[in-house]
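What follows draws every value from the coordinates through simple rules; no lab data is involved. This one's a predicted model, so the numbers in the text were calculated from it and none came from an experiment. Here the Cβ is made from the backbone with ideal geometry for all residues, glycine too, and neighbour counts use every protein chain on show.
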Amino acid sequence: MTLITIIVVISFIWLYNRTNLEKVGSNDVLSINGRVVQKAEIDGIARGYRLAFNLSLTDFISDLGGMETSEEASLNNYIINLLVAQHQAEVLGIRPSDEAVLEAIKSLPPLQTDGVFDPAKYATFIQERLTPSGLSEHHLEDVVRDSLKVQALHRIVTSPIAISDEEVRAAARVYQPVTAQVIRFDREKFLKDVSVTPVEVSVFYEKNKNGLGIGEARSISYASLELPEEQQGLSGKERMAGLQKLADQVVAAGKAIREGVAQGGDFAKLAEKSGLHADKAANIQRDGSQDGKDSELPAAVVSGAFRLQKSGEVSDIIQDGDSFYILTLDGISPARQLTQAEVAEKITTHLKAEKASKLAIEAADKSLNQIRAALNAGKSFADAAKAAGVQTETLDAVAPSDTKNSEEERALADSTLGLKDGELGALQPAPWGAFAIYLDKRTPLTEAQWKEHQSEVSKRLLGNNQTLLFKEWLNQSRGTAGIKMLGAQRGGG
């Protein structure tokens, strides 16, 4: 996949709030660590953010908080955290040499062929990805240099981290099958005992109506091209070659479609002429739903639709697995508040579920307290559960990490990770109500299994701890950076 990322453009159209900046009436945007940052620099960092994605610098972006679910939050984090990291690197004397930057550029997967730097790909990247955006090789070098600074900061900050054998063994429990007893408290059983009055519906609506609305929706036309079915089972170089060929076709088709639309051509006809399958989707919400149901469009396509700003605008190429997409925006339906009549049924269902859940939790607390008392008195779990009048179901030899089991079984097994054999866990929420689980036994790992998983678990645990520590350090550095939004001050003055 990395071999074709240079042609898969992640499109960001001014994700930071330009309107607020324009109100400033000045190029000064913020002050950080005693330095004034101007709009041109913020603009450059925003372009660098997109460039970092195209270069597959995902660890760099993630370290700076640029992988949030919200694109705006991601870019805001990236901008501020990069400014903080640049200052800290200067304080610590971290200055990657030109030679180190060159070697890092040569190691970037999008600029390689079969694991070796490919000058032709580098030249193509400069010509097709940098030049049209008003960028140069210097901008690429700056982004890579910043990534090396963040790597060095990450190593320095996280170097004290160490993990014990005990921590690793505890984390390795995800590979140990458990046998447990599950007590379910299903809210459905209590629904018959609750009712909701029209007055309650009205009170709920008046209290929450500002949040009861339909978000902005997008109607799009889209063209797609998928890897042929006979090639989808391929792997390695053969698969990459197939995807590269497909990507080249989509790039050529995208150029033809974009030029045709600019001249007033029909998107669907242009797509079909280029060998792509054309389709439409109306009223798509940001969460991917369509008229209350799943639109079944890939998340990348939905996200791309909401990056388009005006009707007739054509997106960059979007990849989702073995498929490539190009979109155009047909129309925008503005957000609006729903009337009480439109949401009365949903409010009624919601209030009934709330009341039923409350009854289920009350019954669960009573039953669990009775079972715990019986266990403390020396009774077996089976006798204690029977005396409390609850039924149990057995979770038999299920490991939290074993994908052969259902998602629910693995989630239930996962809830035992903090329990000892013979211990009853706390009441926990579930989509259907609540549950509690009693751990009969956890099967120990054999020495061979321990050796098999020890390295992987250690590496993952160490990585998680390092990520948390670096994030905490970065937040503390932000807190001491004296960040001031100059636009907000002047706009208010």
Using alpha-carbon pairs under 8 Å, 6+ residues apart, how would you state the relative contact order of the chain in percent? 25
Can you list the HN-Hα couplings for segment 60-70, worked out from phi with the Karplus curve (6.51, -1.76, 1.60; θ = phi - 60°), rounded to whole Hz and with x for Gly and Pro? 4, 5, 5, 4, 9, x, x, 10, 6, 5, 8
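Does segment 213-337 come out rounded, prolate or oblate, given a ≥ b ≥ c as the square roots of the eigenvalues of its C-alpha gyration tensor, rounded meaning a/c under 1.5 and, failing that, prolate meaning a/b above b/c? Intermediate values should be presented prior to the final figure.
Values: a/c = 2.65, a/b = 1.46, b/c = 1.82.
The shape class here is oblate.
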Can you work out the Karplus-derived ³J(HN,Hα) for every residue in segment 181-194? Use 6.51 cos²θ - 1.76 cosθ + 1.60 with θ = phi - 60°, whole Hz, and x for glycine or proline. 10, 10, 10, 9, 10, 8, 5, 4, 5, 9, 4, 5, 9, 10
Amide H within-cut-off set for Ala399, under 5 Å, with H built and near neighbours excluded: Val178
Ellipticity estimate at 222 nm from DSSP helix runs (n ≥ 4, -39,500 (n - 2.57)) divided over the chain, nearest 500: -16000 deg cm²/dmol
From the phi of every residue in segment 385-393, what ³J(HN,Hα) in whole Hz does the Karplus formula 6.51 cos²θ - 1.76 cosθ + 1.60 yield, where θ is phi - 60° and glycine or proline is x? 5, 5, 5, 7, x, 10, 9, 10, 10
Taking H as built 1.01 Å from N, whose amide H comes closer than 5 Å to the amide H of Asp440, not counting residues under 5 places away? Thr179, Ala180, Gln181, Gly422
Looking at segment 65-110, which GluC sites (Glu not before Pro) are DSSP coil and have at most 14 other C-beta atoms within 10 Å of their C-beta? Glu68
Estimated inter-spin distance, Lys293 and Lys484, nm [label 7 Å along Cα→Cβ]: 5.7
In whole Å, how far is the Cα centre of segment 250-299 from that of segment 327-344? 21
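Counting only trypsin sites (Lys or Arg not before Pro) that sit in a DSSP loop (anything but H, G, I, E, B) with at most 16 other Cβ atoms within 10 Å, what is the longest stretch of the chain containing none of them? Don't jump to the answer; show the numbers that get you there.
Values: sites that count: Arg286, Lys310, Lys379, Lys404, Lys420.
It runs 1-285.
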In nm, spacing of pseudo-spin labels at Leu102 and Ile126 (7 Å Cα→C-beta vector): 1.3
Ala256-Asp193 pseudo-label distance in nm [points 7 Å out on the Cα-to-Cβ vector]: 6.7
In degrees between 0 and 90, to the nearest 10, how far off the longest principal axis of the chain does helix 137-158 point, with axes built from Cα atoms? 30
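So, R0 is 45 Å and r is the distance between the beta-carbons of Ala282 and Asp43; what FRET efficiency does that work out to, to 0.05? All intermediate terms of the calculation are to be shown ahead of the outcome.
On the way: r = 35 Å, r/R0 = 0.78.
That pair, Ala282 with Asp43, gives E of 0.80.
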